[in-house]
Amino acid sequence: MRFMIRPGADPAGAADATLLSAMGLPGGGVIAVGDTHVLVRAGDVPTTNALLLGPRTMGNSGLAAGDTVKAERVQLPVARRVIVSPTSAPLDARHLARALQGIPVTNGDTVGVNIAYGDGAERQHVELQVVDVEPGGAGLVGSATVVGEAGEAKQDIVVHPEGHPSGEAPTTAEALLAGLDTELEVLTGWLSLLSSTSDLPDAWGLPRVAGVLLEGPSGCGKSELVAAAAAESGSVVHEVSLDLVFKPEKLLDLLEKAVKQTTGPAVVFVDRLDAVAGDEGMFRNQVAAIMRWFLDAVAERPRIATVLGVTSAPRLVPGLVGSPLLPRTLSIPPPDHERRALLFEAGLSRVPHGEMDYESHAARSAGFSGADILAAVVHASALIAPTGEGVTDEILARAVSDTTPSLGTASLGEIPSYGFERVANLDEVKQRLTESVIWQMTEPGRFERLGIEPPRGLLLHGPPGTGKTFVIRALANESGAAFFTIKGAELLDKFVGESERGVREIFARARAVAPAILFFDEIDALAPVRGSSTNSVT
(Lines give C-alpha, C1' and ligand atoms only; values in the text may rest on other atoms or scores of the structure.)
Protein backbone atom coordinates (compact mmCIF):
# COMPACT_ATOMS: atom_id res chain seq x y z
CA MET A 1 0.00 0.00 0.00
CA ARG A 2 1.44 3.38 -1.02
CA PHE A 3 1.06 6.45 1.19
CA MET A 4 1.89 10.14 1.03
CA ILE A 5 3.87 11.21 4.11
CA ARG A 6 2.30 14.10 6.01
CA PRO A 7 3.52 15.74 9.26
CA GLY A 8 1.75 14.73 12.45
CA ALA A 9 2.19 15.32 16.17
CA ASP A 10 1.61 11.87 17.67
CA PRO A 11 4.50 9.38 18.10
CA ALA A 12 2.19 6.76 16.58
CA GLY A 13 1.25 7.07 12.94
CA ALA A 14 -2.28 7.71 11.67
CA ALA A 15 -3.88 6.57 8.43
CA ASP A 16 -7.28 6.14 6.82
CA ALA A 17 -9.35 3.41 8.47
CA THR A 18 -10.43 1.91 5.13
CA LEU A 19 -6.85 1.55 3.88
CA LEU A 20 -5.75 0.02 7.17
CA SER A 21 -8.57 -2.52 6.93
CA ALA A 22 -7.45 -3.34 3.40
CA MET A 23 -3.97 -4.02 4.81
CA GLY A 24 -5.46 -6.38 7.38
CA LEU A 25 -5.11 -3.89 10.24
CA PRO A 26 -8.68 -2.83 11.10
CA GLY A 27 -7.69 -1.93 14.64
CA GLY A 28 -4.24 -0.63 13.77
CA GLY A 29 -0.87 -2.35 14.03
CA VAL A 30 2.80 -2.19 13.07
CA ILE A 31 3.93 -1.29 9.56
CA ALA A 32 7.34 -0.95 7.93
CA VAL A 33 7.93 2.58 6.61
CA GLY A 34 11.27 3.57 5.12
CA ASP A 35 14.06 2.67 7.55
CA THR A 36 11.87 2.05 10.60
CA HIS A 37 8.76 0.39 11.97
CA VAL A 38 5.87 2.37 13.37
CA LEU A 39 2.67 1.66 15.26
CA VAL A 40 -0.17 3.08 13.17
CA ARG A 41 -3.86 3.45 13.93
CA ALA A 42 -6.94 4.83 12.23
CA GLY A 43 -7.34 8.59 12.49
CA ASP A 44 -8.42 11.77 10.78
CA VAL A 45 -6.18 12.39 7.76
CA PRO A 46 -6.26 15.22 5.19
CA THR A 47 -6.39 12.83 2.22
CA THR A 48 -7.22 9.16 1.86
CA ASN A 49 -3.64 8.13 1.06
CA ALA A 50 -2.02 10.29 3.75
CA LEU A 51 0.15 8.75 6.48
CA LEU A 52 0.70 11.10 9.42
CA LEU A 53 4.08 10.70 11.13
CA GLY A 54 5.46 12.65 14.07
CA PRO A 55 8.80 14.48 13.74
CA ARG A 56 10.79 11.77 15.53
CA THR A 57 9.18 8.93 13.58
CA MET A 58 9.69 10.79 10.30
CA GLY A 59 13.35 11.21 11.15
CA ASN A 60 13.69 7.52 11.97
CA SER A 61 12.15 6.58 8.63
CA GLY A 62 14.52 8.77 6.61
CA LEU A 63 11.56 10.32 4.82
CA ALA A 64 10.25 13.86 4.50
CA ALA A 65 6.80 15.37 4.20
CA GLY A 66 5.50 14.95 0.65
CA ASP A 67 7.40 11.72 -0.05
CA THR A 68 5.47 8.79 -1.45
CA VAL A 69 6.40 5.48 0.14
CA LYS A 70 5.27 1.88 0.14
CA ALA A 71 4.20 0.71 3.60
CA GLU A 72 3.81 -2.96 4.48
CA ARG A 73 2.17 -4.72 7.38
CA VAL A 74 4.71 -6.61 9.50
CA GLN A 75 4.56 -8.90 12.50
CA LEU A 76 7.53 -8.07 14.68
CA PRO A 77 8.76 -10.62 17.22
CA VAL A 78 9.22 -9.67 20.85
CA ALA A 79 12.79 -8.44 21.19
CA ARG A 80 15.06 -10.47 23.42
CA ARG A 81 17.44 -7.55 24.09
CA VAL A 82 17.43 -3.83 23.28
CA ILE A 83 20.63 -1.80 23.67
CA VAL A 84 20.30 1.99 23.86
CA SER A 85 22.89 4.74 23.82
CA PRO A 86 24.16 5.81 27.26
CA THR A 87 22.85 9.01 28.80
CA SER A 88 24.23 11.44 31.36
CA ALA A 89 21.56 10.39 33.85
CA PRO A 90 21.55 6.86 35.31
CA LEU A 91 18.96 4.60 33.69
CA ASP A 92 16.85 2.18 35.69
CA ALA A 93 16.57 -0.73 33.26
CA ARG A 94 13.39 -2.04 34.89
CA HIS A 95 11.51 1.26 34.62
CA LEU A 96 12.95 1.91 31.16
CA ALA A 97 11.67 -1.46 29.93
CA ARG A 98 8.21 -0.63 31.24
CA ALA A 99 8.25 2.78 29.59
CA LEU A 100 9.02 1.11 26.25
CA GLN A 101 6.39 -1.64 26.61
CA GLY A 102 4.55 -2.35 23.37
CA ILE A 103 6.67 0.07 21.29
CA PRO A 104 8.30 -1.19 18.06
CA VAL A 105 12.03 -0.40 17.95
CA THR A 106 14.51 -0.67 15.08
CA ASN A 107 18.28 -0.34 14.95
CA GLY A 108 19.14 3.36 14.64
CA ASP A 109 15.79 4.65 15.92
CA THR A 110 15.52 7.61 18.26
CA VAL A 111 12.88 7.02 20.92
CA GLY A 112 11.52 9.28 23.64
CA VAL A 113 10.42 8.06 27.05
CA ASN A 114 9.10 9.70 30.21
CA ILE A 115 10.93 8.15 33.14
CA ALA A 116 11.57 8.98 36.79
CA TYR A 117 15.09 8.63 38.16
CA GLY A 118 14.27 7.39 41.64
CA ASP A 119 11.16 6.88 43.72
CA GLY A 120 8.97 9.95 44.01
CA ALA A 121 11.01 11.92 41.45
CA GLU A 122 9.36 13.93 38.70
CA ARG A 123 9.20 12.22 35.33
CA GLN A 124 11.68 13.52 32.78
CA HIS A 125 11.55 13.20 29.01
CA VAL A 126 14.65 11.42 27.72
CA GLU A 127 15.72 10.89 24.10
CA LEU A 128 17.49 7.57 23.50
CA GLN A 129 19.23 6.13 20.47
CA VAL A 130 18.53 2.45 19.77
CA VAL A 131 21.93 0.86 19.15
CA ASP A 132 20.98 -2.79 18.73
CA VAL A 133 17.84 -4.93 18.79
CA GLU A 134 18.19 -8.69 19.16
CA PRO A 135 17.30 -10.70 17.21
CA GLY A 136 16.91 -9.34 13.70
CA GLY A 137 17.47 -5.64 14.30
CA ALA A 138 13.79 -4.88 15.00
CA GLY A 139 11.14 -6.01 17.46
CA LEU A 140 8.48 -5.12 19.99
CA VAL A 141 9.50 -4.40 23.57
CA GLY A 142 7.71 -6.99 25.69
CA SER A 143 7.64 -8.18 29.29
CA ALA A 144 10.67 -10.45 28.80
CA THR A 145 12.78 -7.92 26.86
CA VAL A 146 16.10 -7.01 28.52
CA VAL A 147 16.95 -3.32 28.08
CA GLY A 148 20.48 -2.08 28.69
CA GLU A 149 22.94 0.68 27.83
CA ALA A 150 25.69 0.39 25.25
CA GLY A 151 29.02 -0.33 26.89
CA GLU A 152 27.56 -2.40 29.72
CA ALA A 153 29.05 -5.82 30.27
CA LYS A 154 26.97 -8.23 28.24
CA GLN A 155 26.74 -11.79 29.48
CA ASP A 156 26.96 -14.52 26.90
CA ILE A 157 24.35 -17.24 26.92
CA VAL A 158 26.24 -20.43 27.71
CA VAL A 159 24.53 -23.75 27.22
CA HIS A 160 24.96 -26.14 30.12
CA PRO A 161 26.09 -29.67 29.17
CA GLU A 162 22.64 -30.96 30.08
CA GLY A 163 20.94 -28.38 27.88
CA HIS A 164 20.04 -25.69 30.40
CA PRO A 165 21.12 -22.17 29.33
CA SER A 166 22.81 -19.93 31.84
CA GLY A 167 24.23 -16.44 32.11
CA GLU A 168 21.34 -14.00 32.54
CA ALA A 169 19.91 -13.09 35.91
CA PRO A 170 17.00 -15.39 36.82
CA THR A 171 14.93 -12.60 38.39
CA THR A 172 12.99 -11.88 35.21
CA ALA A 173 9.38 -10.99 34.55
CA GLU A 174 9.01 -14.34 32.77
CA ALA A 175 9.89 -16.19 35.97
CA LEU A 176 7.46 -14.19 38.11
CA LEU A 177 4.70 -14.87 35.59
CA ALA A 178 5.11 -18.63 35.87
CA GLY A 179 1.74 -20.19 36.69
CA LEU A 180 -0.26 -17.03 35.93
CA ASP A 181 -1.43 -17.97 32.44
CA THR A 182 -5.13 -17.66 33.30
CA GLU A 183 -4.70 -14.29 35.03
CA LEU A 184 -2.61 -13.02 32.10
CA GLU A 185 -5.28 -14.07 29.61
CA VAL A 186 -8.06 -12.37 31.59
CA LEU A 187 -6.16 -9.11 32.11
CA THR A 188 -5.03 -9.02 28.47
CA GLY A 189 -8.66 -9.32 27.39
CA TRP A 190 -9.75 -6.40 29.56
CA LEU A 191 -6.88 -4.17 28.44
CA SER A 192 -7.47 -5.09 24.79
CA LEU A 193 -11.10 -4.03 25.20
CA LEU A 194 -10.53 -0.78 27.09
CA SER A 195 -7.38 0.47 25.32
CA SER A 196 -8.32 -0.65 21.82
CA THR A 197 -7.28 1.79 19.09
CA SER A 198 -10.75 1.45 17.55
CA ASP A 199 -12.51 2.31 20.87
CA LEU A 200 -14.44 -0.96 21.10
CA PRO A 201 -16.62 0.04 24.11
CA ASP A 202 -18.06 2.94 22.11
CA ALA A 203 -18.40 0.90 18.91
CA TRP A 204 -20.19 -1.92 20.74
CA GLY A 205 -22.38 0.32 22.87
CA LEU A 206 -20.84 -0.81 26.16
CA PRO A 207 -20.96 1.31 29.33
CA ARG A 208 -17.81 3.26 30.08
CA VAL A 209 -15.56 1.67 32.71
CA ALA A 210 -12.16 2.72 34.00
CA GLY A 211 -10.33 -0.56 34.42
CA VAL A 212 -9.59 -3.46 36.73
CA LEU A 213 -8.71 -3.92 40.40
CA LEU A 214 -5.71 -6.25 40.81
CA GLU A 215 -5.10 -7.66 44.28
CA GLY A 216 -2.36 -9.90 45.61
CA PRO A 217 0.50 -9.95 48.15
CA SER A 218 3.70 -8.04 47.43
CA GLY A 219 6.25 -9.96 45.39
CA CYS A 220 3.73 -12.19 43.62
CA GLY A 221 3.96 -10.60 40.17
CA LYS A 222 1.34 -7.83 39.92
CA SER A 223 3.65 -5.35 38.16
CA GLU A 224 5.00 -8.02 35.82
CA LEU A 225 1.48 -9.22 35.02
CA VAL A 226 0.36 -5.70 34.07
CA ALA A 227 3.45 -5.17 31.90
CA ALA A 228 2.94 -8.48 30.10
CA ALA A 229 -0.79 -7.91 29.54
CA ALA A 230 -0.11 -4.40 28.23
CA ALA A 231 2.49 -5.73 25.79
CA GLU A 232 0.06 -8.41 24.59
CA SER A 233 -2.67 -5.81 24.04
CA GLY A 234 -0.35 -3.31 22.35
CA SER A 235 -0.60 -0.72 25.14
CA VAL A 236 2.02 1.40 26.87
CA VAL A 237 2.24 1.31 30.67
CA HIS A 238 2.28 4.59 32.63
CA GLU A 239 3.12 3.59 36.21
CA VAL A 240 2.16 5.87 39.09
CA SER A 241 4.33 5.27 42.17
CA LEU A 242 2.71 6.01 45.52
CA ASP A 243 5.72 5.14 47.68
CA LEU A 244 6.28 8.76 48.80
CA VAL A 245 2.66 9.92 48.85
CA PHE A 246 1.62 11.05 52.32
CA LYS A 247 -1.01 13.70 51.61
CA PRO A 248 -4.12 13.79 49.40
CA GLU A 249 -2.74 16.80 47.52
CA LYS A 250 0.28 14.81 46.31
CA LEU A 251 -1.96 11.93 45.23
CA LEU A 252 -4.20 14.30 43.28
CA ASP A 253 -1.18 15.90 41.60
CA LEU A 254 0.23 12.54 40.46
CA LEU A 255 -3.10 11.27 39.14
CA GLU A 256 -3.84 14.55 37.32
CA LYS A 257 -0.48 14.34 35.55
CA ALA A 258 -1.11 10.70 34.65
CA VAL A 259 -4.48 11.51 33.09
CA LYS A 260 -3.19 14.55 31.17
CA GLN A 261 0.12 13.11 29.96
CA THR A 262 -1.04 9.64 28.95
CA THR A 263 -2.08 9.08 25.34
CA GLY A 264 -3.77 5.88 24.24
CA PRO A 265 -3.53 3.05 23.79
CA ALA A 266 -2.15 3.05 27.32
CA VAL A 267 -2.59 1.61 30.80
CA VAL A 268 -2.23 3.74 33.93
CA PHE A 269 -0.97 1.37 36.63
CA VAL A 270 -1.43 2.63 40.20
CA ASP A 271 0.35 0.18 42.51
CA ARG A 272 0.13 -0.18 46.31
CA LEU A 273 -3.05 1.86 46.38
CA ASP A 274 -4.12 0.53 49.77
CA ALA A 275 -1.10 2.30 51.31
CA VAL A 276 -2.93 5.61 50.85
CA ALA A 277 -6.52 4.46 50.29
CA GLY A 278 -6.92 2.10 53.23
CA ASP A 279 -10.21 2.16 55.10
CA GLU A 280 -8.36 3.14 58.30
CA GLY A 281 -6.30 5.95 56.76
CA MET A 282 -6.30 9.45 58.20
CA PHE A 283 -7.41 11.01 54.89
CA ARG A 284 -9.71 8.22 53.72
CA ASN A 285 -12.59 10.56 52.79
CA GLN A 286 -10.40 12.88 50.71
CA VAL A 287 -8.63 9.93 49.09
CA ALA A 288 -11.95 8.28 48.25
CA ALA A 289 -13.13 11.47 46.53
CA ILE A 290 -9.86 11.75 44.57
CA MET A 291 -10.06 8.14 43.41
CA ARG A 292 -13.67 8.57 42.28
CA TRP A 293 -12.59 11.60 40.23
CA PHE A 294 -9.67 9.64 38.78
CA LEU A 295 -11.87 6.71 37.74
CA ASP A 296 -14.37 9.09 36.12
CA ALA A 297 -11.56 10.88 34.26
CA VAL A 298 -10.06 7.63 32.94
CA ALA A 299 -13.47 6.27 31.93
CA GLU A 300 -14.07 9.39 29.83
CA ARG A 301 -10.78 8.97 27.95
CA PRO A 302 -11.01 6.49 25.05
CA ARG A 303 -8.16 3.99 24.59
CA ILE A 304 -6.97 4.42 28.19
CA ALA A 305 -7.48 1.93 31.01
CA THR A 306 -6.31 1.81 34.61
CA VAL A 307 -5.21 -1.06 36.80
CA LEU A 308 -5.26 -0.44 40.55
CA GLY A 309 -2.86 -2.70 42.42
CA VAL A 310 -3.62 -3.54 46.06
CA THR A 311 -2.55 -6.19 48.53
CA SER A 312 -6.07 -6.65 49.88
CA ALA A 313 -9.23 -5.32 48.25
CA PRO A 314 -11.32 -5.35 51.47
CA ARG A 315 -8.87 -2.84 52.99
CA LEU A 316 -9.78 -0.15 50.46
CA VAL A 317 -12.03 2.76 51.30
CA PRO A 318 -15.72 1.98 50.79
CA GLY A 319 -17.01 2.71 47.33
CA LEU A 320 -13.99 1.58 45.30
CA VAL A 321 -14.52 -2.16 45.50
CA GLY A 322 -17.61 -2.99 43.52
CA SER A 323 -17.70 0.39 41.79
CA PRO A 324 -19.38 0.29 38.34
CA LEU A 325 -16.19 1.84 36.98
CA LEU A 326 -14.17 -1.13 38.34
CA PRO A 327 -16.39 -4.06 37.36
CA ARG A 328 -13.71 -6.73 37.74
CA THR A 329 -11.42 -7.66 40.63
CA LEU A 330 -8.61 -9.98 39.55
CA SER A 331 -6.83 -11.80 42.38
CA ILE A 332 -3.29 -13.15 42.37
CA PRO A 333 -3.16 -15.52 45.34
CA PRO A 334 0.08 -16.37 47.12
CA PRO A 335 1.91 -19.07 45.15
CA ASP A 336 0.48 -22.50 45.91
CA HIS A 337 2.49 -25.73 45.69
CA GLU A 338 2.06 -26.07 41.92
CA ARG A 339 3.02 -22.47 41.15
CA ARG A 340 6.02 -22.57 43.48
CA ALA A 341 7.32 -25.56 41.51
CA LEU A 342 6.84 -23.62 38.26
CA LEU A 343 8.59 -20.59 39.75
CA PHE A 344 11.62 -22.67 40.77
CA GLU A 345 11.76 -24.21 37.30
CA ALA A 346 11.45 -20.83 35.55
CA GLY A 347 13.97 -19.18 37.86
CA LEU A 348 16.57 -21.89 37.19
CA SER A 349 15.96 -22.00 33.44
CA ARG A 350 19.05 -19.85 32.73
CA VAL A 351 21.18 -21.15 35.60
CA PRO A 352 23.42 -24.23 35.17
CA HIS A 353 21.79 -27.13 37.01
CA GLY A 354 21.26 -30.85 36.87
CA GLU A 355 18.10 -32.82 37.42
CA MET A 356 16.04 -31.04 40.06
CA ASP A 357 13.20 -32.18 42.29
CA TYR A 358 11.03 -29.07 41.96
CA GLU A 359 8.13 -30.67 43.82
CA SER A 360 10.28 -31.21 46.90
CA HIS A 361 11.51 -27.61 46.93
CA ALA A 362 7.95 -26.37 46.44
CA ALA A 363 6.84 -28.43 49.43
CA ARG A 364 9.54 -26.83 51.59
CA SER A 365 8.87 -23.23 50.56
CA ALA A 366 5.43 -22.59 52.03
CA GLY A 367 4.90 -18.88 52.61
CA PHE A 368 7.30 -17.90 49.80
CA SER A 369 6.26 -15.19 47.37
CA GLY A 370 7.50 -15.25 43.78
CA ALA A 371 10.18 -12.73 44.73
CA ASP A 372 11.27 -14.95 47.65
CA ILE A 373 11.69 -17.94 45.33
CA LEU A 374 13.76 -15.92 42.88
CA ALA A 375 15.83 -14.62 45.81
CA ALA A 376 16.53 -18.24 46.78
CA VAL A 377 17.56 -18.98 43.19
CA VAL A 378 19.94 -15.99 43.21
CA HIS A 379 21.38 -17.20 46.53
CA ALA A 380 21.92 -20.66 45.06
CA SER A 381 23.59 -19.07 42.02
CA ALA A 382 25.95 -17.17 44.32
CA LEU A 383 26.88 -20.44 46.04
CA ILE A 384 27.96 -22.08 42.77
CA ALA A 385 29.58 -18.98 41.23
CA PRO A 386 33.11 -19.61 42.67
CA THR A 387 33.25 -23.17 41.33
CA GLY A 388 31.18 -22.86 38.15
CA GLU A 389 29.37 -26.10 38.93
CA GLY A 390 25.65 -26.49 38.44
CA VAL A 391 22.99 -26.01 41.10
CA THR A 392 22.01 -29.24 42.84
CA ASP A 393 19.03 -30.12 45.01
CA GLU A 394 21.23 -29.84 48.10
CA ILE A 395 22.46 -26.35 47.18
CA LEU A 396 18.96 -25.10 46.38
CA ALA A 397 17.59 -26.62 49.60
CA ARG A 398 20.27 -24.72 51.53
CA ALA A 399 19.34 -21.49 49.73
CA VAL A 400 15.66 -22.05 50.50
CA SER A 401 16.38 -22.61 54.18
CA ASP A 402 18.43 -19.38 54.28
CA THR A 403 15.59 -17.34 52.73
CA THR A 404 12.96 -15.80 55.00
CA PRO A 405 9.44 -16.24 53.57
CA SER A 406 7.79 -12.85 53.26
CA LEU A 407 4.30 -14.39 53.36
CA GLY A 408 4.93 -16.43 56.50
CA THR A 409 2.93 -14.04 58.68
CA ALA A 410 0.23 -14.77 61.18
CA SER A 411 -2.54 -14.13 58.65
CA LEU A 412 -0.96 -16.42 56.06
CA GLY A 413 0.42 -19.10 58.36
CA GLU A 414 3.80 -19.30 60.06
CA ILE A 415 6.74 -21.59 59.49
CA PRO A 416 7.73 -23.13 62.87
CA SER A 417 11.44 -22.93 63.69
CA TYR A 418 11.97 -26.39 65.21
CA GLY A 419 11.39 -29.98 64.16
CA PHE A 420 11.06 -33.43 65.72
CA GLU A 421 14.57 -33.21 67.20
CA ARG A 422 13.12 -31.10 70.03
CA VAL A 423 10.27 -33.51 70.72
CA ALA A 424 11.39 -35.96 73.40
CA ASN A 425 10.09 -39.54 73.28
CA LEU A 426 6.71 -39.90 71.51
CA ASP A 427 8.49 -42.06 68.91
CA GLU A 428 5.32 -43.88 67.87
CA VAL A 429 3.41 -40.59 67.50
CA LYS A 430 6.18 -39.07 65.39
CA GLN A 431 6.32 -42.16 63.18
CA ARG A 432 2.54 -42.11 62.63
CA LEU A 433 2.65 -38.40 61.78
CA THR A 434 5.57 -38.95 59.40
CA GLU A 435 3.75 -41.69 57.52
CA SER A 436 0.38 -39.95 57.31
CA VAL A 437 1.42 -36.29 56.84
CA ILE A 438 5.05 -35.80 55.82
CA TRP A 439 5.20 -38.58 53.26
CA GLN A 440 2.14 -37.37 51.37
CA MET A 441 3.77 -33.92 51.04
CA THR A 442 7.36 -34.90 50.29
CA GLU A 443 6.90 -38.32 48.63
CA PRO A 444 3.43 -38.47 47.08
CA GLY A 445 4.68 -41.12 44.65
CA ARG A 446 4.62 -43.71 47.42
CA PHE A 447 0.87 -43.40 47.81
CA GLU A 448 0.28 -43.33 44.04
CA ARG A 449 2.30 -46.52 43.44
CA LEU A 450 0.38 -48.38 46.12
CA GLY A 451 -2.98 -46.91 45.14
CA ILE A 452 -3.53 -45.54 48.66
CA GLU A 453 -5.54 -42.39 49.29
CA PRO A 454 -3.56 -40.40 51.91
CA PRO A 455 -5.47 -39.24 54.99
CA ARG A 456 -6.78 -35.67 54.92
CA GLY A 457 -6.94 -35.24 58.69
CA LEU A 458 -5.98 -36.70 62.05
CA LEU A 459 -7.53 -36.66 65.50
CA LEU A 460 -4.94 -36.01 68.21
CA HIS A 461 -6.24 -36.44 71.74
CA GLY A 462 -4.75 -36.06 75.18
CA PRO A 463 -5.10 -34.08 78.42
CA PRO A 464 -4.21 -30.36 78.40
CA GLY A 465 -0.49 -29.63 78.74
CA THR A 466 0.80 -32.88 77.22
CA GLY A 467 2.38 -31.22 74.16
CA LYS A 468 -0.19 -31.61 71.39
CA THR A 469 0.45 -28.14 69.94
CA PHE A 470 4.21 -28.52 70.37
CA VAL A 471 4.40 -31.76 68.37
CA ILE A 472 2.15 -30.46 65.58
CA ARG A 473 4.30 -27.33 65.22
CA ALA A 474 7.32 -29.61 64.87
CA LEU A 475 5.40 -31.62 62.28
CA ALA A 476 4.78 -28.46 60.24
CA ASN A 477 8.51 -27.70 60.25
CA GLU A 478 9.43 -31.24 59.18
CA SER A 479 6.92 -31.20 56.33
CA GLY A 480 7.71 -27.64 55.20
CA ALA A 481 4.07 -26.62 55.59
CA ALA A 482 2.56 -23.35 56.77
CA PHE A 483 1.09 -23.77 60.24
CA PHE A 484 -2.24 -22.37 61.42
CA THR A 485 -3.40 -22.86 64.98
CA ILE A 486 -7.05 -22.17 65.76
CA LYS A 487 -8.65 -22.51 69.15
CA GLY A 488 -12.19 -23.76 68.88
CA ALA A 489 -13.55 -21.14 71.26
CA GLU A 490 -12.19 -18.34 69.05
CA LEU A 491 -14.55 -19.32 66.24
CA LEU A 492 -17.72 -19.25 68.32
CA ASP A 493 -19.86 -16.18 67.77
CA LYS A 494 -23.33 -15.24 68.95
CA PHE A 495 -24.29 -13.93 65.52
CA VAL A 496 -25.70 -16.46 63.10
CA GLY A 497 -23.26 -17.30 60.30
CA GLU A 498 -20.18 -15.67 61.82
CA SER A 499 -18.67 -18.96 63.02
CA GLU A 500 -19.09 -20.46 59.57
CA ARG A 501 -17.54 -17.38 57.98
CA GLY A 502 -14.52 -17.68 60.26
CA VAL A 503 -14.00 -21.30 59.25
CA ARG A 504 -14.26 -20.43 55.56
CA GLU A 505 -11.69 -17.64 55.90
CA ILE A 506 -9.23 -19.92 57.68
CA PHE A 507 -9.48 -22.60 55.01
CA ALA A 508 -9.16 -19.97 52.27
CA ARG A 509 -5.93 -18.61 53.81
CA ALA A 510 -4.53 -22.11 54.22
CA ARG A 511 -5.46 -23.06 50.66
CA ALA A 512 -3.63 -19.98 49.36
CA VAL A 513 -0.29 -21.05 50.90
CA ALA A 514 -0.67 -24.81 50.52
CA PRO A 515 0.77 -27.11 51.71
CA ALA A 516 -0.56 -26.08 55.09
CA ILE A 517 -1.48 -27.70 58.38
CA LEU A 518 -4.53 -26.45 60.26
CA PHE A 519 -4.46 -27.39 63.93
CA PHE A 520 -7.85 -26.99 65.61
CA ASP A 521 -7.07 -26.92 69.30
CA GLU A 522 -9.88 -27.53 71.79
CA ILE A 523 -12.09 -28.83 68.99
CA ASP A 524 -14.52 -30.11 71.61
CA ALA A 525 -15.49 -26.47 72.27
CA LEU A 526 -16.44 -26.05 68.62
CA ALA A 527 -18.17 -29.39 68.15
CA PRO A 528 -19.60 -30.52 71.51
CA VAL A 529 -21.89 -33.48 72.00
CA ARG A 530 -25.34 -32.51 70.73
CA GLY A 531 -27.53 -31.25 73.53
CA SER A 532 -24.70 -30.49 75.94
CA SER A 533 -23.85 -27.01 74.64
CA THR A 534 -25.01 -23.93 76.56
CA ASN A 535 -24.41 -21.66 73.55
CA SER A 536 -27.58 -20.46 71.86
CA VAL A 537 -25.94 -20.59 68.42
CA THR A 538 -23.97 -23.61 67.14
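Scanning the range 225-248 for residues that are assigned to a helix (DSSP H, G or I) and either modelled with pLDDT of 85 or more or crowded, with 23+ Cβ neighbours inside 10 Å (or both) turns up Leu225, Val226, Ala227, Ala228, Ala229, Ala230, Ala231.
The residues of the range 459-488 that are in a helix (DSSP H, G or I) and among the aliphatic types (A, V, I, L, M), listed by number, are Val471, Ile472, Ala474, Leu475, Ala476. The residues of the range 181-216 that are surrounded by fewer than 23 Cβ atoms within 10 Å (Cβ to Cβ) and assigned to a loop (DSSP other than H, G, I, E, B), listed by number, are Ser198, Asp199, Trp204, Gly205, Leu206, Pro207, Arg208, Val209.
The set of residues in the range 419-453 being part of a helix (DSSP H, G or I), loosely packed, with under 15 Cβ neighbours inside 10 Å and of a type in the set (A, V, I, L, M) consists of Leu450 alone.
Does the range 20-27 contain at least one residue that is over 14 Å from Leu140 (Cα atoms), at pLDDT 75 or above, outside the structural domain of Leu140 (by TED's automatic domain parsing) and touching a strand residue (DSSP E or B) at 6+ places or on another chain (Cβ under 7 Å)? There is at least one residue in the range 20-27 that is over 14 Å from Leu140 (Cα atoms), at pLDDT 75 or above, outside the structural domain of Leu140 (by TED's automatic domain parsing) and touching a strand residue (DSSP E or B) at 6+ places or on another chain (Cβ under 7 Å).
For the condition farther than 29 Å from Ser369 by Cβ, loosely packed, with under 15 Cβ neighbours inside 10 Å and either acidic (Asp, Glu) or touching a Lys or Arg at 6+ places or on another chain (Cβ under 7 Å) (or both), Glu256 qualifies. Scanning the range 382-399 for residues that are surrounded by fewer than 23 Cβ atoms within 10 Å (Cβ to Cβ) and assigned to a helix (DSSP H, G or I) turns up Ala382, Leu383, Ile384, Asp393, Glu394, Ile395, Ala397, Arg398, Ala399. Within the range 323-340, not a single residue is assigned by TED's automatic domain parsing to the domain that holds Pro201 and without any contact (Cβ under 8 Å) to a residue 24 or more places away in the chain.
Filtered by the rule that a residue be hydrophobic (A, V, I, L, M, F, W, C), part of a loop (DSSP other than H, G, I, E, B) and either more than 11 Å from Pro55 (Cβ to Cβ) or out of contact with any Pro (no Cβ under 9 Å at 6 or more places or on another chain) (or both), the range 4-19 gives a lone residue, Ala12.
Scanning the range 129-160 for residues that are at pLDDT 75 or above and more than 27 Å from Gly221 (Cβ to Cβ) yields Gln129, Val130, Val131, Asp132, Gly136, Gly137, Ala138.
Within the set of pairs 6+ apart or on separate chains, which have a first residue in the range 30-52 that is farther than 16 Å from Asp10 by Cα, a second that is aromatic (Phe, Trp, Tyr) and buried (at least 19 other Cβ atoms within 10 Å of the Cβ), and C-beta atoms under 7 Å apart? These pairs meet every condition: Asn49/Phe3. Give the residue that is surrounded by the fewest Cβ atoms within 10 Å (Cβ to Cβ), with candidates limited to residues of the range 325-361 that are under 20 Å from Ser218 (Cβ atoms) and of a type in the set (Gly, Ala, Ser). Per the stated criteria, the residue is Ser331. Every condition in (1) buried (at least 17 other Cβ atoms within 10 Å of the Cβ); (2) out of contact with any strand residue (DSSP E or B) (no Cβ under 6 Å at 6 or more places or on another chain) is met by Glu300 except one, and the failing one is (1). Scanning the range 297-334 for residues that are of a type in the set (Lys, Arg) and assigned to a strand (DSSP E or B) yields one hit, Arg328. Out of Asp109, Asp35, Asp16, report the one residue that is at pLDDT 80 or above, farther than 22 Å from Arg303 by Cβ, crowded, with 17+ Cβ neighbours inside 10 Å and more than 29 Å from the chain's Cα centre (by Cα). Result: Asp109 is the single residue among Asp109, Asp35, Asp16 that is at pLDDT 80 or above, farther than 22 Å from Arg303 by Cβ, crowded, with 17+ Cβ neighbours inside 10 Å and more than 29 Å from the chain's Cα centre (by Cα).
Checking the stated criteria, Arg456 turns out to be at pLDDT 70 or above and in a loop (DSSP other than H, G, I, E, B).
Among the conditions (1) modelled with pLDDT under 80; (2) aliphatic (A, V, I, L, M); (3) assigned by TED's automatic domain parsing to the domain that holds Arg272, Ala175 misses just one, which is (3).
Across the range 335-381, the qualifying residues are those that are assigned to a helix (DSSP H, G or I) and of a type in the set (Ser, Thr, Tyr), and the one among them that is nearest to the chain's Cα centre (by Cα) is Tyr358.
The values are calculated or read from the model by the stated rules, or taken from the named source; none is laboratory data. Just so you know, these numbers come straight off a predicted model, no measurement behind them. We place every Cβ from the backbone using ideal geometry, glycine too, and count neighbours over all the protein chains shown.
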